[in-house]
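Where a number appears in this text, it was derived from the coordinates with a stated rule and is not lab data. If you're wondering where the values come from, they're calculated on a predicted model, not measured in any experiment. In this analysis, Cβ positions are derived from the backbone assuming ideal geometry, glycine residues included, and neighbour counts consider all displayed protein chains.
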């Protein structure tokens, strides 16, 4: 075998390994362990008695009402 054939074979194996890595890592359970490790410090925040969605909705409505409008059909003075 020539050096070029060995290099091409190594490149093909590396490409195949890179292409199949996501599927193989899922099968081995590596992805789930990594996700669990990332999320281990997270916690669920329970809503208190105050409803922030109403405040947000009111703020959006107020901002939309204050937006400048432009009517291209209106006559200019």
**Q.** Length added when fully stretched, residue 1-residue 26, from 0.36 nm per residue minus Cα-Cα
**A.** 5.4 nm
Q. At a Förster distance of 30 Å, what's the computed FRET efficiency of residue 73 paired with residue 53, Cβ-Cβ distance as r, to 0.05?
A. 0.25
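Highest mean first, what order results for 67-76, 37-46 on Cβ atoms within 10 Å?
On the way: 67-76: 5.2, 37-46: 7.0.
Descending packing order for the listed peptides: 37-46, 67-76.
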